[in-house]
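Colleague: Handing you this structure, nothing more for now.
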Amino acid sequence: MKILFVYPVYPDTFWSFKHALKFVSKKAANVPLGIITVAALLPQNWEKKLIDMNVSALNNKDLQWADYVFISAMSVQRASAVNVLERCKALDKKVVAGGPMFTEEADQFPEVDHLVLNEAELTFPLFLEDLRNNKAKQIYTSDQFANITQTPVPDYSLVKINKYSAVSIQYSRGCPYDCEFCDITALFGRKVRTKSTVQIISELDNLLEIGWSGGVFFVDDNFIGHKKKLKSELLPAIIAWMKQNNNPFQFSTEASIDLADDKELMQLMVEAGFFKAFVGIETPDEECLKECNKTQNNKRNLLQGVHNIQNAGIEVSAGFIVGFDNDPSNIFQRQIDFIQQSGIITAMVGLLNAPRLSKLFKRLKTEGRINDTFNGNNTSYSMNFIPKMNKEELLTGYRKIVKEIYSGKVFHDRVFSFLKRYQPRTNQKNKITRSKVMALIKSIFYLGIFNVNRKYFWHLIFWSLFNKPAAFPLAVTYSIYGYHFNKVFKNLK
């Protein structure tokens, strides 16, 4: 059997890093971890190929080669996924689809031959068994959650590894919290399930064997969901592995704000090589936090929490949301002020949207307020429900936030204040690579010569060189990030 795995195109969004990737001559930010994990579940004697359309073009000859086309996508990739489905239909190719978008909106894709939904460890073997017996059904679902200690090592042999700026790994699924706007607990449950430490070390060994060094992103929706296991098992093992292998990786992940309360955990993460964590801040308004059931953020000093994590040596990137029913009229300036005071460089500010499996969607549908399909990109100028605030006021306020925080001076001031006090403490050696040299040369060209904000770029460069050389790579990196974010938001109207 010949299987072609297809991963659709990401549009130009906040997280695509499209405009930043050209500085390091990469095609995509992260490998498609889900699809190469599914690939590892296939029988060993089957032929398989992967076309990640963010890296390579999908040609008709690729489709014609395959007996089956397997496609996985998130909602933000919908347009590209639909195009792939149409091309498969034109060539009379059988399609097997799965992943978050198809799981959430299976009824929107009746043309797909086989929908293998929910967690593949449960549903994919059932499909394969039926396929062997020539009785494959159209839909495979499960209301159970997989034992991920049985999940195989992702098949990285399918990936053009040098085309990506980072690789991915997963330790856990599920989140102990239940935010109203989030669909994670619907997809993966509230009980945090983890892989074994042996599995993770095996996956790190695999990444080393294929020649990877650099960024490794733990894709867990809340990496610290099982703190006891992290502190007693996984992190000590990663620390030992990193020392044994000369610290080849820099880890990043996602975590809830209560990471700030656990000094021991932060210290272990830093010692293991974690340098960045994405934290869902959402809003500085207490009533809005209550509204969305963000209990872990409520009744705490969020600003101090961010600074605690930063002071431990972990950079904080964060998500922010406007569009809550309880948003006051001054929420836009409050969001700007919080972002500036926190020193959060990568601040993803989005309009509230309601994914189909979220509790927010169910509530708003009951209230008759759902009026569109969520496009998967909450940093676009769209939302899929009728807000309580006047929509024009809301959109104007949203535009004000993103335009201001990524304008030249404001962004520069935030980066500068952060770099002055940030002390990275990871053990990762700052190796000079060809990619980094090219990024510097291109940044000088694009940001230091032909950019309207070049004076801010040169201020950061010279300040870091003469006052804090250890921060020089970050000064270049953040300048490139600012260039990307400004490009993404410049056409927001």
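The values are calculated or read from the model by the stated rules, or taken from the named source; none is laboratory data. Small disclaimer: the values here were computed from a predicted structure and weren't measured. FYI the Cβ positions are ideal-geometry reconstructions off the backbone, even for glycines, and counts take in every protein chain you see.
Colleague: Please determine, by comparing only the residues of region 89-110 that are hydrophobic (A, V, I, L, M, F, W, C) and assigned to a loop (DSSP other than H, G, I, E, B), which one is farthest from the chain's Cα centre (by Cα).
Modeller: Looking at the filtered set, the residue picked out is 91.
Colleague: Pick from region 157-190 the residues that are basic (Lys, Arg) and modelled with pLDDT of 95 or more: which of them is nearest to residue 226 (Cα to Cα)?
Modeller: If we take residues in region 157-190 being basic (Lys, Arg) and modelled with pLDDT of 95 or more, then 173 is nearest to residue 226 (Cα to Cα).
Colleague: What are the residues in region 128-156 that are surrounded by 14 or more Cβ atoms within 10 Å (Cβ to Cβ) and under 20 Å from residue 227 (Cα atoms), if any?
Modeller: Matches in region 128-156: 148 only.
Colleague: For region 17-38, indicate whether the set of residues that are on the phi > 0 side of the Ramachandran plot and either among the basic types (Lys, Arg) or in contact with a strand residue (DSSP E or B) (Cβ under 6 Å, 6 or more places away or on another chain) (or both) is non-empty.
Modeller: Yes, because at least one residue in region 17-38 is on the phi > 0 side of the Ramachandran plot and either among the basic types (Lys, Arg) or in contact with a strand residue (DSSP E or B) (Cβ under 6 Å, 6 or more places away or on another chain) (or both).
Colleague: OK, next. Of everything in region 286-304, what is under 18 Å from residue 333 (Cα atoms) and crowded, with 19+ Cβ neighbours inside 10 Å? Give them in sequence order.
Modeller: Passing the criteria: 288, 289, 302.
Colleague: Please find, among 47, 86, the residue that is acidic (Asp, Glu), surrounded by fewer than 17 Cβ atoms within 10 Å (Cβ to Cβ), modelled with pLDDT of 95 or more and out of contact with any strand residue (DSSP E or B) (no Cβ under 8 Å at 6 or more places or on another chain).
Modeller: The match here is 86.
Colleague: Let me confirm something: among 39, 20, which residue is farther than 21 Å from residue 129 by Cβ, aliphatic (A, V, I, L, M), buried (at least 17 other Cβ atoms within 10 Å of the Cβ) and in contact with a Phe, Trp or Tyr (Cβ under 7 Å, 6 or more places away or on another chain)?
Modeller: None of the other options fit; the residue is 20.
Colleague: Take the conditions in a loop (DSSP other than H, G, I, E, B), under 22 Å from the mean Cα position of the chain (by Cα), farther than 18 Å from residue 249 by Cα and outside the structural domain of residue 15 (by TED's automatic domain parsing) and apply them to residue 220. Does it pass?
Modeller: No: the conditions fail for residue 220.
Colleague: Do we find a residue being under 24 Å from residue 41 (Cα atoms), in a helix (DSSP H, G or I) and within 23 Å of the chain's Cα centre (by Cα) anywhere in region 111-119?
Modeller: The answer is no, given that none of the residues of region 111-119 is under 24 Å from residue 41 (Cα atoms), in a helix (DSSP H, G or I) and within 23 Å of the chain's Cα centre (by Cα).
Colleague: Moving to a separate point now. For the list (1) assigned by TED's automatic domain parsing to the domain that holds residue 261; (2) in a loop (DSSP other than H, G, I, E, B); (3) farther than 30 Å from residue 25 by Cα; (4) in contact with a helix residue (DSSP H, G or I) (Cβ under 6 Å, 6 or more places away or on another chain), I need the number of the one condition that residue 136 fails.
Modeller: (1)
Colleague: Report yes if some residue within region 346-359 is small (Gly, Ala, Ser) and more than 25 Å from residue 389 (Cα to Cα); otherwise report no.
Modeller: No, every residue in region 346-359 fails to be small (Gly, Ala, Ser) and more than 25 Å from residue 389 (Cα to Cα).
So that you can scan it fast, the table gives a plain yes or no per residue for (1) under 23 Å from residue 342 (Cα atoms); (2) surrounded by 13 or more Cβ atoms within 10 Å (Cβ to Cβ):
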position	(1), (2)
392	no, no
412	yes, yes
419	yes, yes
434	no, no
444	no, yes
454	no, yes
461	yes, yes
479	yes, yes
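Colleague: Can I ask one more? Report, by residue number, each residue of region 1-59 that is more than 16 Å from the chain's Cα centre (by Cα), of a type in the set (Phe, Trp, Tyr) and closer than 26 Å to residue 124 by Cβ.
Modeller: 5, 46
Colleague: Tally up the residues in region 190-213 that are buried (at least 16 other Cβ atoms within 10 Å of the Cβ), out of contact with any helix residue (DSSP H, G or I) (no Cβ under 8 Å at 6 or more places or on another chain) and of a type outside the set (A, V, I, L, M, F, W, C), please.
Modeller: Total satisfying the criteria: 2.
Colleague: List the number of the failed condition for residue 354; all other conditions in (1) surrounded by fewer than 15 Cβ atoms within 10 Å (Cβ to Cβ); (2) under 30 Å from residue 108 (Cα atoms) hold.
Modeller: (1)
Colleague: Let me confirm something: among 408, 397, which residue is small (Gly, Ala, Ser), more than 13 Å from residue 475 (Cα to Cα) and touching an Asp or Glu at 6+ places or on another chain (Cβ under 9 Å)?
Modeller: That would be 397, the only listed residue that is small (Gly, Ala, Ser), more than 13 Å from residue 475 (Cα to Cα) and touching an Asp or Glu at 6+ places or on another chain (Cβ under 9 Å).
Colleague: Sticking with this structure for a sec: Check 453, 467, 390, 430 and return the single one that is at pLDDT below 90 and either over 25 Å from the mean Cα position of the chain (by Cα) or under 26 Å from residue 162 (Cα atoms) (or both).
Modeller: 430
Colleague: Mind checking which residues of region 308-323 are surrounded by fewer than 22 Cβ atoms within 10 Å (Cβ to Cβ) and on the phi > 0 side of the Ramachandran plot?
Modeller: Of everything in region 308-323, just one residue is surrounded by fewer than 22 Cβ atoms within 10 Å (Cβ to Cβ) and on the phi > 0 side of the Ramachandran plot, namely 313.
Colleague: Which one of 157, 165, 142 is part of a loop (DSSP other than H, G, I, E, B) and of a type in the set (Gly, Ala, Ser)?
Modeller: One residue alone meets the criteria, 142.
Colleague: Could you say which residue among 111, 119, 105 is acidic (Asp, Glu), surrounded by fewer than 14 Cβ atoms within 10 Å (Cβ to Cβ) and not assigned by TED's automatic domain parsing to the domain that holds residue 378?
Modeller: Just one listed residue meets the conditions, 111.
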